[in-house]
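Visitor: After the C-alpha coordinates below, expect a handful of questions from me.
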Amino acid sequence: MHTVTRIREPISKRIMRNAAYSAVGRLWLIGTNLLLAPLLLSYLGQDRFGVWVLYWSLLQYCLLLDMGLGSSLVKYFSEFEAKGDVQSINRVLASTITVYIVVGVALVLVLWPLVAWLSSFFSIPQDLRQEAAVTFQVGLVAFFLMNLVSIFDGLLKGFQRMDVVNRTLIAVSVPNLLGSYIVLRLGWGLFGLVMVVVIVYTLQLVLFVLQARRVCPGLAWNRRDVRFETLRLLFGYGARLQISKLANLVSYQTDKILLGFFMPLRYVTFYDLGSKVSYVTHELPHVMFGALFPAASALSGNADHTRLWTMYERGTKYLFLFSIPALIGIWLTAHLVLQAWLGHVSSDVHLAVMLLSAGYWAVVSVGMATTVGAGIGWVKPLMRTSLIQSGLNLLLSLALIIPFGYVGVLVGTTAALILSNGYLLALFCRDFNRPLRDHVRLAGRIFLLNIPPVSVSLPAVLLLSGWVEGGGRGVAFVALLGCVMLYGLVYLATIRLAGVLDRGDRDLLGDHLPLVHALIRKSG
(Lines give C-alpha, C1' and ligand atoms only; values in the text may rest on other atoms or scores of the structure.)
Protein backbone atom coordinates (compact mmCIF):
# COMPACT_ATOMS: atom_id res chain seq x y z
CA MET A 1 0.00 0.00 0.00
CA HIS A 2 1.32 3.45 -0.91
CA THR A 3 1.98 5.80 1.98
CA VAL A 4 2.44 9.53 2.32
CA THR A 5 5.65 10.52 4.05
CA ARG A 6 5.94 14.10 5.23
CA ILE A 7 7.93 15.77 7.98
CA ARG A 8 5.52 16.92 10.66
CA GLU A 9 5.75 20.46 11.96
CA PRO A 10 4.23 21.61 15.28
CA ILE A 11 0.46 22.11 15.08
CA SER A 12 0.73 25.67 16.44
CA LYS A 13 3.07 26.59 13.58
CA ARG A 14 0.70 25.04 11.05
CA ILE A 15 -2.25 26.96 12.50
CA MET A 16 -0.40 30.29 12.37
CA ARG A 17 0.86 29.62 8.84
CA ASN A 18 -2.56 28.58 7.55
CA ALA A 19 -4.22 31.55 9.28
CA ALA A 20 -1.72 33.93 7.67
CA TYR A 21 -2.21 32.49 4.18
CA SER A 22 -5.98 32.43 4.62
CA ALA A 23 -5.92 36.07 5.72
CA VAL A 24 -3.88 37.10 2.67
CA GLY A 25 -6.14 35.07 0.37
CA ARG A 26 -9.35 36.49 1.83
CA LEU A 27 -8.09 40.08 1.71
CA TRP A 28 -6.92 39.66 -1.88
CA LEU A 29 -10.21 38.13 -3.05
CA ILE A 30 -12.26 40.75 -1.19
CA GLY A 31 -10.15 43.44 -2.83
CA THR A 32 -10.46 41.99 -6.34
CA ASN A 33 -14.22 41.50 -5.97
CA LEU A 34 -14.63 45.08 -4.82
CA LEU A 35 -12.46 46.25 -7.72
CA LEU A 36 -14.42 44.21 -10.26
CA ALA A 37 -17.91 45.29 -9.17
CA PRO A 38 -17.77 48.96 -10.31
CA LEU A 39 -16.08 47.87 -13.54
CA LEU A 40 -18.91 45.46 -14.30
CA LEU A 41 -21.55 47.99 -13.30
CA SER A 42 -20.12 50.73 -15.52
CA TYR A 43 -20.06 48.51 -18.63
CA LEU A 44 -23.14 46.35 -18.03
CA GLY A 45 -25.57 48.82 -16.51
CA GLN A 46 -27.94 48.04 -13.64
CA ASP A 47 -30.14 45.42 -15.35
CA ARG A 48 -27.36 43.33 -16.88
CA PHE A 49 -25.43 43.54 -13.60
CA GLY A 50 -28.58 42.23 -11.88
CA VAL A 51 -28.66 39.26 -14.29
CA TRP A 52 -25.01 38.56 -13.43
CA VAL A 53 -25.82 38.63 -9.70
CA LEU A 54 -28.78 36.27 -10.22
CA TYR A 55 -26.56 33.85 -12.13
CA TRP A 56 -24.11 33.57 -9.23
CA SER A 57 -26.89 33.25 -6.65
CA LEU A 58 -28.58 30.44 -8.59
CA LEU A 59 -25.22 28.75 -9.15
CA GLN A 60 -24.70 28.49 -5.38
CA TYR A 61 -27.93 26.50 -5.12
CA CYS A 62 -26.86 24.19 -7.97
CA LEU A 63 -23.71 23.37 -6.00
CA LEU A 64 -25.91 21.86 -3.27
CA LEU A 65 -26.80 19.02 -5.64
CA ASP A 66 -23.68 17.11 -4.57
CA MET A 67 -25.73 16.12 -1.48
CA GLY A 68 -22.89 17.00 0.87
CA LEU A 69 -20.17 15.02 -0.90
CA GLY A 70 -17.88 18.01 -1.26
CA SER A 71 -18.34 19.08 2.36
CA SER A 72 -16.71 15.86 3.59
CA LEU A 73 -13.60 15.95 1.40
CA VAL A 74 -11.36 18.03 3.67
CA LYS A 75 -12.11 15.80 6.66
CA TYR A 76 -11.37 12.48 4.96
CA PHE A 77 -8.43 13.64 2.86
CA SER A 78 -6.93 15.02 6.08
CA GLU A 79 -7.65 11.82 7.99
CA PHE A 80 -6.13 9.52 5.36
CA GLU A 81 -3.14 11.82 4.85
CA ALA A 82 -2.43 11.67 8.59
CA LYS A 83 -2.37 7.86 8.32
CA GLY A 84 -0.25 7.94 5.17
CA ASP A 85 -2.96 5.94 3.36
CA VAL A 86 -2.66 6.86 -0.32
CA GLN A 87 -4.93 4.01 -1.40
CA SER A 88 -7.86 5.45 0.55
CA ILE A 89 -7.05 8.93 -0.79
CA ASN A 90 -7.23 7.57 -4.33
CA ARG A 91 -10.53 5.85 -3.57
CA VAL A 92 -12.02 9.14 -2.33
CA LEU A 93 -10.63 10.92 -5.39
CA ALA A 94 -11.88 8.35 -7.95
CA SER A 95 -15.29 7.94 -6.33
CA THR A 96 -15.89 11.70 -6.07
CA ILE A 97 -14.71 12.51 -9.60
CA THR A 98 -16.94 9.77 -11.03
CA VAL A 99 -20.04 11.03 -9.20
CA TYR A 100 -19.35 14.65 -10.13
CA ILE A 101 -18.88 13.81 -13.82
CA VAL A 102 -22.06 11.71 -13.98
CA VAL A 103 -24.20 14.21 -12.03
CA GLY A 104 -22.65 17.25 -13.75
CA VAL A 105 -23.18 15.96 -17.29
CA ALA A 106 -26.74 14.87 -16.46
CA LEU A 107 -27.58 18.25 -14.95
CA VAL A 108 -26.18 20.18 -17.92
CA LEU A 109 -28.15 18.02 -20.37
CA VAL A 110 -31.39 18.35 -18.39
CA LEU A 111 -31.23 22.06 -17.58
CA TRP A 112 -29.81 23.38 -20.88
CA PRO A 113 -33.12 23.26 -22.79
CA LEU A 114 -35.09 24.47 -19.74
CA VAL A 115 -33.03 27.57 -18.98
CA ALA A 116 -34.98 29.97 -21.23
CA TRP A 117 -38.29 28.88 -19.68
CA LEU A 118 -36.97 29.08 -16.10
CA SER A 119 -35.44 32.53 -16.62
CA SER A 120 -38.85 33.85 -17.76
CA PHE A 121 -40.02 33.73 -14.13
CA PHE A 122 -37.63 36.56 -13.23
CA SER A 123 -38.32 40.22 -13.89
CA ILE A 124 -35.73 40.35 -16.68
CA PRO A 125 -36.56 42.96 -19.36
CA GLN A 126 -37.72 41.43 -22.64
CA ASP A 127 -34.72 42.68 -24.60
CA LEU A 128 -32.31 40.97 -22.16
CA ARG A 129 -34.00 37.56 -21.88
CA GLN A 130 -32.14 35.88 -24.74
CA GLU A 131 -28.79 37.17 -23.49
CA ALA A 132 -29.63 36.08 -19.94
CA ALA A 133 -30.66 32.59 -21.11
CA VAL A 134 -27.39 32.09 -23.01
CA THR A 135 -25.45 33.30 -19.96
CA PHE A 136 -27.20 30.79 -17.70
CA GLN A 137 -26.68 27.96 -20.23
CA VAL A 138 -22.94 28.51 -20.64
CA GLY A 139 -22.82 29.03 -16.87
CA LEU A 140 -23.81 25.37 -16.44
CA VAL A 141 -20.39 24.44 -17.83
CA ALA A 142 -18.82 26.63 -15.15
CA PHE A 143 -20.87 24.74 -12.55
CA PHE A 144 -19.46 21.45 -13.85
CA LEU A 145 -15.89 22.78 -13.61
CA MET A 146 -16.43 24.26 -10.14
CA ASN A 147 -17.39 20.84 -8.78
CA LEU A 148 -14.20 19.30 -10.16
CA VAL A 149 -12.14 22.18 -8.75
CA SER A 150 -13.68 21.61 -5.30
CA ILE A 151 -12.30 18.04 -5.20
CA PHE A 152 -8.67 19.12 -5.51
CA ASP A 153 -9.30 22.18 -3.35
CA GLY A 154 -10.51 19.76 -0.65
CA LEU A 155 -7.45 17.57 -1.08
CA LEU A 156 -4.98 20.45 -0.74
CA LYS A 157 -6.82 21.81 2.30
CA GLY A 158 -6.95 18.30 3.79
CA PHE A 159 -3.16 18.19 3.44
CA GLN A 160 -3.15 21.58 5.22
CA ARG A 161 -1.62 23.33 2.20
CA MET A 162 -3.57 26.58 2.47
CA ASP A 163 -0.48 28.30 1.07
CA VAL A 164 -0.87 26.44 -2.23
CA VAL A 165 -4.64 27.01 -2.34
CA ASN A 166 -4.40 30.74 -1.71
CA ARG A 167 -1.45 31.28 -4.05
CA THR A 168 -3.45 29.58 -6.80
CA LEU A 169 -6.56 31.65 -6.08
CA ILE A 170 -4.49 34.83 -6.24
CA ALA A 171 -2.84 33.67 -9.48
CA VAL A 172 -6.13 32.94 -11.29
CA SER A 173 -7.70 36.17 -10.08
CA VAL A 174 -5.32 38.10 -12.36
CA PRO A 175 -6.57 36.57 -15.67
CA ASN A 176 -10.09 36.86 -14.27
CA LEU A 177 -9.71 40.61 -13.82
CA LEU A 178 -7.86 41.16 -17.10
CA GLY A 179 -10.18 38.87 -19.06
CA SER A 180 -13.28 40.56 -17.66
CA TYR A 181 -11.92 43.99 -18.56
CA ILE A 182 -11.02 42.90 -22.10
CA VAL A 183 -14.38 41.29 -22.95
CA LEU A 184 -16.24 44.29 -21.52
CA ARG A 185 -14.12 46.68 -23.58
CA LEU A 186 -14.84 44.58 -26.68
CA GLY A 187 -18.57 44.81 -25.95
CA TRP A 188 -19.11 41.07 -25.45
CA GLY A 189 -21.27 41.68 -22.37
CA LEU A 190 -22.59 38.83 -20.25
CA PHE A 191 -21.58 36.13 -22.75
CA GLY A 192 -17.97 37.31 -22.65
CA LEU A 193 -17.96 37.36 -18.85
CA VAL A 194 -19.31 33.83 -18.50
CA MET A 195 -16.71 32.58 -21.02
CA VAL A 196 -14.00 34.18 -18.87
CA VAL A 197 -15.42 32.30 -15.86
CA VAL A 198 -15.22 28.99 -17.76
CA ILE A 199 -11.63 29.67 -18.85
CA VAL A 200 -10.53 30.74 -15.35
CA TYR A 201 -12.04 27.65 -13.68
CA THR A 202 -10.37 25.45 -16.31
CA LEU A 203 -7.03 27.09 -15.49
CA GLN A 204 -7.66 26.72 -11.75
CA LEU A 205 -8.49 23.03 -12.20
CA VAL A 206 -5.26 22.39 -14.12
CA LEU A 207 -3.16 24.20 -11.48
CA PHE A 208 -4.87 22.37 -8.60
CA VAL A 209 -4.33 18.98 -10.28
CA LEU A 210 -0.62 19.71 -10.81
CA GLN A 211 -0.21 20.93 -7.23
CA ALA A 212 -2.12 17.93 -5.84
CA ARG A 213 0.14 15.49 -7.69
CA ARG A 214 3.18 17.29 -6.32
CA VAL A 215 1.85 17.26 -2.76
CA CYS A 216 0.77 13.60 -3.03
CA PRO A 217 3.05 11.82 -5.56
CA GLY A 218 1.03 8.58 -5.39
CA LEU A 219 -2.19 10.31 -6.41
CA ALA A 220 -4.03 8.61 -9.28
CA TRP A 221 -7.53 8.34 -10.75
CA ASN A 222 -8.39 4.74 -11.52
CA ARG A 223 -11.93 3.51 -12.10
CA ARG A 224 -11.16 0.39 -10.05
CA ASP A 225 -10.87 2.68 -7.01
CA VAL A 226 -14.51 3.74 -7.30
CA ARG A 227 -16.15 2.19 -4.21
CA PHE A 228 -19.72 2.33 -3.00
CA GLU A 229 -18.61 2.11 0.65
CA THR A 230 -16.37 5.16 0.15
CA LEU A 231 -19.28 7.16 -1.27
CA ARG A 232 -21.52 6.05 1.59
CA LEU A 233 -18.88 7.23 4.08
CA LEU A 234 -18.58 10.63 2.37
CA PHE A 235 -22.34 11.13 1.98
CA GLY A 236 -23.00 10.05 5.58
CA TYR A 237 -20.82 12.81 6.97
CA GLY A 238 -21.44 15.51 4.37
CA ALA A 239 -25.24 15.27 4.33
CA ARG A 240 -25.38 16.58 7.87
CA LEU A 241 -23.36 19.64 6.88
CA GLN A 242 -25.69 20.41 3.98
CA ILE A 243 -28.28 21.77 6.41
CA SER A 244 -25.95 24.55 7.56
CA LYS A 245 -24.85 25.15 3.99
CA LEU A 246 -28.45 25.49 2.81
CA ALA A 247 -29.27 27.78 5.74
CA ASN A 248 -26.37 30.08 4.82
CA LEU A 249 -27.51 30.20 1.21
CA VAL A 250 -31.02 31.17 2.27
CA SER A 251 -29.60 33.92 4.49
CA TYR A 252 -27.15 35.39 1.99
CA GLN A 253 -28.45 34.57 -1.50
CA THR A 254 -32.23 34.06 -1.46
CA ASP A 255 -33.05 37.76 -1.02
CA LYS A 256 -31.54 38.46 -4.44
CA ILE A 257 -33.66 35.74 -6.01
CA LEU A 258 -36.81 37.09 -4.30
CA LEU A 259 -36.04 40.57 -5.56
CA GLY A 260 -35.55 39.09 -9.04
CA PHE A 261 -39.07 37.63 -8.85
CA PHE A 262 -40.98 40.53 -7.28
CA MET A 263 -39.06 43.73 -8.03
CA PRO A 264 -37.46 45.43 -11.04
CA LEU A 265 -34.03 43.94 -11.72
CA ARG A 266 -32.14 47.04 -10.62
CA TYR A 267 -33.01 46.27 -6.99
CA VAL A 268 -31.01 43.03 -7.25
CA THR A 269 -28.06 45.25 -8.19
CA PHE A 270 -28.66 47.66 -5.29
CA TYR A 271 -28.90 44.80 -2.79
CA ASP A 272 -25.77 43.08 -4.08
CA LEU A 273 -23.66 46.23 -4.01
CA GLY A 274 -24.78 47.04 -0.46
CA SER A 275 -24.16 43.49 0.73
CA LYS A 276 -20.64 43.50 -0.75
CA VAL A 277 -19.65 46.46 1.42
CA SER A 278 -21.40 45.07 4.50
CA TYR A 279 -19.97 41.59 4.09
CA VAL A 280 -16.42 42.84 4.66
CA THR A 281 -17.19 43.00 8.40
CA HIS A 282 -18.42 39.40 8.20
CA GLU A 283 -15.52 37.95 6.22
CA LEU A 284 -12.41 39.29 7.94
CA PRO A 285 -13.01 37.84 11.44
CA HIS A 286 -13.45 34.36 9.93
CA VAL A 287 -9.69 34.14 9.51
CA MET A 288 -9.42 34.03 13.31
CA PHE A 289 -12.26 31.50 13.60
CA GLY A 290 -10.61 29.16 11.10
CA ALA A 291 -7.37 29.19 13.06
CA LEU A 292 -9.09 28.68 16.44
CA PHE A 293 -11.37 25.79 15.43
CA PRO A 294 -8.68 23.05 15.51
CA ALA A 295 -7.31 24.51 18.76
CA ALA A 296 -10.76 24.32 20.36
CA SER A 297 -11.11 20.72 19.19
CA ALA A 298 -7.71 19.80 20.64
CA LEU A 299 -8.40 21.44 24.02
CA SER A 300 -11.78 19.74 24.21
CA GLY A 301 -10.26 16.38 23.33
CA ASN A 302 -7.72 16.79 26.14
CA ALA A 303 -10.47 17.91 28.58
CA ASP A 304 -8.51 21.14 29.15
CA HIS A 305 -11.61 23.18 29.98
CA THR A 306 -9.76 25.98 31.76
CA ARG A 307 -7.73 26.92 28.69
CA LEU A 308 -10.73 26.35 26.44
CA TRP A 309 -12.88 28.92 28.24
CA THR A 310 -9.95 31.31 28.59
CA MET A 311 -9.60 31.12 24.80
CA TYR A 312 -13.33 31.75 24.42
CA GLU A 313 -13.34 34.79 26.71
CA ARG A 314 -10.24 36.43 25.27
CA GLY A 315 -11.26 35.56 21.72
CA THR A 316 -14.64 37.21 22.28
CA LYS A 317 -12.92 40.33 23.62
CA TYR A 318 -10.60 40.55 20.59
CA LEU A 319 -13.53 39.92 18.28
CA PHE A 320 -15.50 42.82 19.78
CA LEU A 321 -12.46 45.10 19.80
CA PHE A 322 -12.13 44.57 16.04
CA SER A 323 -15.71 44.12 14.80
CA ILE A 324 -17.54 46.86 16.73
CA PRO A 325 -15.42 49.77 15.43
CA ALA A 326 -15.63 48.19 11.96
CA LEU A 327 -19.43 48.28 12.19
CA ILE A 328 -19.57 51.83 13.54
CA GLY A 329 -16.97 52.92 11.00
CA ILE A 330 -19.09 51.61 8.14
CA TRP A 331 -22.13 53.44 9.50
CA LEU A 332 -20.15 56.68 9.71
CA THR A 333 -18.41 56.52 6.36
CA ALA A 334 -20.74 54.47 4.13
CA HIS A 335 -21.33 57.44 1.82
CA LEU A 336 -17.57 58.02 1.48
CA VAL A 337 -16.98 54.32 0.80
CA LEU A 338 -19.63 54.28 -1.93
CA GLN A 339 -18.34 57.51 -3.47
CA ALA A 340 -14.76 56.18 -3.55
CA TRP A 341 -15.87 52.74 -4.78
CA LEU A 342 -18.65 53.43 -7.29
CA GLY A 343 -18.13 57.11 -8.03
CA HIS A 344 -21.59 58.03 -6.75
CA VAL A 345 -23.85 57.44 -3.74
CA SER A 346 -27.16 55.68 -4.35
CA SER A 347 -29.64 56.01 -1.49
CA ASP A 348 -30.84 52.41 -2.10
CA VAL A 349 -27.31 51.00 -1.88
CA HIS A 350 -26.55 53.18 1.15
CA LEU A 351 -29.65 51.85 2.94
CA ALA A 352 -28.57 48.26 2.21
CA VAL A 353 -25.14 48.95 3.73
CA MET A 354 -26.60 50.46 6.90
CA LEU A 355 -29.12 47.66 7.54
CA LEU A 356 -27.24 44.57 6.34
CA SER A 357 -24.04 45.50 8.18
CA ALA A 358 -26.00 45.32 11.46
CA GLY A 359 -27.31 41.86 10.59
CA TYR A 360 -23.91 40.57 9.48
CA TRP A 361 -22.35 41.92 12.68
CA ALA A 362 -24.92 39.94 14.70
CA VAL A 363 -23.60 36.78 13.01
CA VAL A 364 -19.97 37.73 13.65
CA SER A 365 -20.61 38.71 17.28
CA VAL A 366 -21.35 35.08 18.24
CA GLY A 367 -18.44 33.75 16.19
CA MET A 368 -16.52 32.49 19.21
CA ALA A 369 -19.60 30.66 20.46
CA THR A 370 -20.06 28.90 17.12
CA THR A 371 -16.33 28.13 16.79
CA VAL A 372 -15.93 26.73 20.30
CA GLY A 373 -19.31 25.00 20.06
CA ALA A 374 -18.36 23.22 16.84
CA GLY A 375 -14.95 22.35 18.27
CA ILE A 376 -16.44 20.58 21.29
CA GLY A 377 -19.18 18.79 19.37
CA TRP A 378 -22.12 21.14 20.09
CA VAL A 379 -23.43 20.47 16.58
CA LYS A 380 -27.20 19.92 16.88
CA PRO A 381 -27.96 23.35 18.44
CA LEU A 382 -25.84 24.99 15.73
CA MET A 383 -27.78 23.17 13.02
CA ARG A 384 -31.10 23.99 14.69
CA THR A 385 -30.20 27.67 14.89
CA SER A 386 -29.15 27.66 11.23
CA LEU A 387 -32.57 26.30 10.29
CA ILE A 388 -34.30 28.91 12.46
CA GLN A 389 -32.20 31.67 10.89
CA SER A 390 -32.95 30.59 7.32
CA GLY A 391 -36.63 29.90 7.99
CA LEU A 392 -37.13 33.23 9.76
CA ASN A 393 -35.24 35.05 7.03
CA LEU A 394 -37.35 33.51 4.27
CA LEU A 395 -40.60 34.08 6.18
CA LEU A 396 -39.90 37.73 7.05
CA SER A 397 -38.54 38.60 3.60
CA LEU A 398 -41.55 37.07 1.86
CA ALA A 399 -43.99 38.70 4.28
CA LEU A 400 -42.40 42.16 3.98
CA ILE A 401 -41.47 42.29 0.28
CA ILE A 402 -45.11 42.45 -0.82
CA PRO A 403 -46.18 45.51 1.25
CA PHE A 404 -42.79 47.25 1.52
CA GLY A 405 -40.78 45.98 -1.46
CA TYR A 406 -37.00 46.42 -1.37
CA VAL A 407 -36.94 47.94 2.13
CA GLY A 408 -39.01 45.02 3.44
CA VAL A 409 -36.42 42.50 2.26
CA LEU A 410 -33.60 44.44 3.95
CA VAL A 411 -35.50 44.74 7.23
CA GLY A 412 -36.57 41.08 7.13
CA THR A 413 -33.03 39.78 6.63
CA THR A 414 -31.53 42.07 9.26
CA ALA A 415 -34.19 41.17 11.84
CA ALA A 416 -33.81 37.42 11.13
CA LEU A 417 -30.03 37.53 11.57
CA ILE A 418 -30.21 39.51 14.82
CA LEU A 419 -32.98 37.40 16.39
CA SER A 420 -31.60 33.98 15.42
CA ASN A 421 -28.04 34.75 16.54
CA GLY A 422 -29.30 36.24 19.78
CA TYR A 423 -31.14 32.96 20.36
CA LEU A 424 -27.93 31.02 19.57
CA LEU A 425 -25.97 33.00 22.14
CA ALA A 426 -28.64 32.43 24.81
CA LEU A 427 -28.59 28.68 24.07
CA PHE A 428 -24.79 28.54 24.24
CA CYS A 429 -24.64 30.38 27.57
CA ARG A 430 -27.36 28.15 29.02
CA ASP A 431 -25.82 24.84 27.89
CA PHE A 432 -22.28 25.70 29.03
CA ASN A 433 -23.16 27.75 32.11
CA ARG A 434 -21.61 30.94 30.74
CA PRO A 435 -23.23 34.15 32.10
CA LEU A 436 -25.08 35.87 29.27
CA ARG A 437 -24.80 39.17 31.12
CA ASP A 438 -20.97 38.98 30.88
CA HIS A 439 -21.19 38.75 27.10
CA VAL A 440 -23.66 41.66 26.91
CA ARG A 441 -21.64 43.71 29.40
CA LEU A 442 -18.44 43.21 27.38
CA ALA A 443 -20.16 44.24 24.14
CA GLY A 444 -21.60 47.30 25.88
CA ARG A 445 -18.19 48.24 27.25
CA ILE A 446 -16.57 48.04 23.79
CA PHE A 447 -19.41 50.09 22.28
CA LEU A 448 -18.75 52.76 24.96
CA LEU A 449 -15.05 52.72 24.04
CA ASN A 450 -16.09 53.91 20.58
CA ILE A 451 -17.81 57.07 21.84
CA PRO A 452 -14.60 59.17 21.93
CA PRO A 453 -13.50 58.22 18.38
CA VAL A 454 -17.05 58.78 17.10
CA SER A 455 -17.20 62.18 18.82
CA VAL A 456 -13.94 63.23 17.16
CA SER A 457 -14.57 61.63 13.75
CA LEU A 458 -18.20 62.61 13.18
CA PRO A 459 -17.49 66.36 12.77
CA ALA A 460 -14.63 65.49 10.40
CA VAL A 461 -16.90 63.20 8.35
CA LEU A 462 -19.58 65.91 8.12
CA LEU A 463 -17.02 68.55 7.18
CA LEU A 464 -15.38 66.36 4.52
CA SER A 465 -18.70 65.23 3.06
CA GLY A 466 -19.32 68.68 1.58
CA TRP A 467 -15.82 68.75 0.10
CA VAL A 468 -16.21 65.26 -1.38
CA GLU A 469 -19.58 66.03 -2.98
CA GLY A 470 -18.02 68.02 -5.76
CA GLY A 471 -15.00 65.74 -6.21
CA GLY A 472 -14.37 62.36 -7.72
CA ARG A 473 -13.32 58.97 -6.41
CA GLY A 474 -9.80 60.09 -5.55
CA VAL A 475 -11.06 62.90 -3.34
CA ALA A 476 -13.49 60.54 -1.61
CA PHE A 477 -10.73 57.98 -1.03
CA VAL A 478 -8.42 60.56 0.56
CA ALA A 479 -11.27 61.76 2.80
CA LEU A 480 -12.13 58.17 3.75
CA LEU A 481 -8.51 57.35 4.54
CA GLY A 482 -8.20 60.45 6.72
CA CYS A 483 -11.37 59.59 8.66
CA VAL A 484 -10.26 55.99 9.21
CA MET A 485 -6.83 57.10 10.48
CA LEU A 486 -8.38 59.66 12.82
CA TYR A 487 -10.88 57.15 14.19
CA GLY A 488 -8.18 54.50 14.59
CA LEU A 489 -5.75 56.73 16.49
CA VAL A 490 -8.39 57.95 18.94
CA TYR A 491 -9.74 54.42 19.38
CA LEU A 492 -6.28 52.98 20.18
CA ALA A 493 -5.65 55.79 22.67
CA THR A 494 -9.02 55.07 24.31
CA ILE A 495 -8.17 51.36 24.60
CA ARG A 496 -4.96 52.22 26.42
CA LEU A 497 -6.59 54.74 28.77
CA ALA A 498 -9.46 52.37 29.58
CA GLY A 499 -7.10 49.51 30.41
CA VAL A 500 -8.99 46.98 28.29
CA LEU A 501 -5.87 44.92 27.58
CA ASP A 502 -3.80 43.37 30.36
CA ARG A 503 -0.62 41.37 30.88
CA GLY A 504 -2.36 38.20 29.79
CA ASP A 505 -3.08 39.81 26.42
CA ARG A 506 0.54 40.94 26.19
CA ASP A 507 1.83 37.42 26.88
CA LEU A 508 -0.60 35.93 24.37
CA LEU A 509 -0.27 38.42 21.51
CA GLY A 510 2.85 40.45 22.20
CA ASP A 511 5.20 38.26 20.14
CA HIS A 512 2.91 38.43 17.10
CA LEU A 513 1.50 41.97 17.48
CA PRO A 514 4.11 44.33 18.97
CA LEU A 515 1.50 47.13 19.05
CA VAL A 516 -0.16 45.33 21.98
CA HIS A 517 2.73 46.39 24.27
CA ALA A 518 1.96 50.05 23.59
CA LEU A 519 -1.75 49.57 24.37
CA ILE A 520 -1.20 48.23 27.90
CA ARG A 521 -0.80 50.67 30.75
CA LYS A 522 2.15 50.18 33.10
CA SER A 523 -0.20 49.41 35.98
CA GLY A 524 -2.08 46.78 33.83
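Visitor: Exactly one condition in (1) out of contact with any Ser or Thr (no Cβ under 8 Å at 6 or more places or on another chain); (2) farther than 24 Å from Thr310 by Cβ; (3) in a helix (DSSP H, G or I); (4) modelled with pLDDT under 95 is not met by Val461; state its number.
Guide: Looking at each condition in turn, Val461 falls short on (1).
Visitor: Quick one: which helices (runs of 4 or more DSSP H) sit completely within region 260-371 and have at least 2 residues that are modelled with pLDDT under 80?
Guide: Details: elements: 266-283, 286-301, 305-342, 347-365.
Hits in region 260-371: 266-283, 286-301, 305-342.
Visitor: Next question. Looking at Tyr55, Tyr61, which is the one that is part of a helix (DSSP H, G or I), hydroxyl-bearing (Ser, Thr, Tyr), under 19 Å from the mean Cα position of the chain (by Cα) and surrounded by fewer than 20 Cβ atoms within 10 Å (Cβ to Cβ)?
Guide: Among Tyr55, Tyr61, only Tyr61 is part of a helix (DSSP H, G or I), hydroxyl-bearing (Ser, Thr, Tyr), under 19 Å from the mean Cα position of the chain (by Cα) and surrounded by fewer than 20 Cβ atoms within 10 Å (Cβ to Cβ).
Visitor: Which residues, taken from region 193-248, are among the β-branched types (Val, Ile, Thr) and assigned to a helix (DSSP H, G or I)?
Guide: Those that are among the β-branched types (Val, Ile, Thr) and assigned to a helix (DSSP H, G or I): Val194, Val196, Val197, Val198, Ile199, Val200, Thr202, Val206, Val209, Val215, Thr230, Ile243.
Visitor: Same structure again: Can you name the residue in region 163-190 that is among the hydrophobic types (A, V, I, L, M, F, W, C) and touching an Asp or Glu at 6+ places or on another chain (Cβ under 7 Å) and is also farthest from Ala220 (Cα to Cα) among such residues?
Guide: Leu190
Visitor: If you don't mind, there's one more thing I want to ask. Among the numbered criteria (1) at pLDDT 75 or above; (2) in a helix (DSSP H, G or I), which single criterion is violated by Leu501?
Guide: Tallying (1) at pLDDT 75 or above; (2) in a helix (DSSP H, G or I), Leu501 fails exactly one: (2).
Visitor: Within region 409-448, can you find the residues that are outside any helix (DSSP H, G or I) and either in contact with a Gly (Cβ under 7 Å, 6 or more places away or on another chain) or among the β-branched types (Val, Ile, Thr) (or both)?
Guide: Correct list: empty.
Visitor: Now a separate question. Restricting the search to region 154-180, which residues are outside any helix (DSSP H, G or I) and of a type in the set (Lys, Arg)?
Guide: Listed by number, the list holds a single entry, Arg161.
Visitor: Search region 106-125 for residues that are closer than 15 Å to Gly260 by Cα and pair each with any residue that is aromatic (Phe, Trp, Tyr) and surrounded by 15 or more Cβ atoms within 10 Å (Cβ to Cβ) when their beta-carbon atoms are under 7 Å apart and the residues are at least 6 apart or on different chains.
Guide: Ser119/Phe136
Visitor: Residue check, Asp163 against (1) surrounded by fewer than 18 Cβ atoms within 10 Å (Cβ to Cβ); (2) charged (D, E, K, R); (3) under 21 Å from Ser95 (Cα atoms), all met but one. Which one?
Guide: The number of the failed condition is (3).
Visitor: Sort out which residues of region 404-423 are farther than 21 Å from Leu259 by Cα and crowded, with 23+ Cβ neighbours inside 10 Å, and write them in order of number.
Guide: Ser420, Asn421, listed by residue number.
Visitor: Please verify whether region 181-189 includes one or more residues that are touching a residue at least 60 places away in the same chain (Cβ under 8 Å), assigned to a helix (DSSP H, G or I) and among the β-branched types (Val, Ile, Thr).
Guide: no
Visitor: Failed condition for Ser123, given (1) part of a helix (DSSP H, G or I); (2) at pLDDT 90 or above, with all others met?
Guide: For Ser123, the failing item is (1).
Visitor: Then there's this: When region 201-223 is examined, which residues are found to be aliphatic (A, V, I, L, M) and free of Cβ contacts under 8 Å to residues at least 12 places away in the same chain?
Guide: Of all residues in region 201-223, those aliphatic (A, V, I, L, M) come to 203, 205-207, 209-210, 212, 215, 219-220.
Residues satisfying the conditions are Val206, Leu210.
Visitor: Related question: Confirm whether Asn147 is within 27 Å of the chain's Cα centre (by Cα), within 27 Å of Asn90 (Cα to Cα) and in contact (Cβ under 8 Å) with a residue 60 or more places away in the chain.
Guide: Spelling it out, Asn147 is indeed within 27 Å of the chain's Cα centre (by Cα), within 27 Å of Asn90 (Cα to Cα) and in contact (Cβ under 8 Å) with a residue 60 or more places away in the chain.
Visitor: Within region 306-350, can you find the residues that are of a type in the set (Ser, Thr, Tyr) and closer than 13 Å to Val277 by Cβ?
Guide: The answer is Thr333, Ser346.
Visitor: Another question, then. What are the pairs with Cβ atoms under 7 angstrom where one residue, in region 155-179, is within 21 Å of Ala37 (Cβ to Cβ) and the other, located anywhere, is small (Gly, Ala, Ser)? Sequence gap at least six, or different chains.
Guide: Within 7 Å, the pairs are Leu169/Gly25; Ile170/Gly25.
Visitor: Would you check which residues across region 64-74 are surrounded by fewer than 17 Cβ atoms within 10 Å (Cβ to Cβ) and touching a residue at least 60 places away in the same chain (Cβ under 8 Å) and list them?
Guide: Listed by number, the residues that qualify are Leu64, Met67.
The values are calculated or read from the model by the stated rules, or taken from the named source; none is laboratory data. Everything numeric in this text was worked out from a predicted model, so none of it was measured. In this analysis, Cβ positions are derived from the backbone assuming ideal geometry, glycine residues included, and neighbour counts consider all displayed protein chains.
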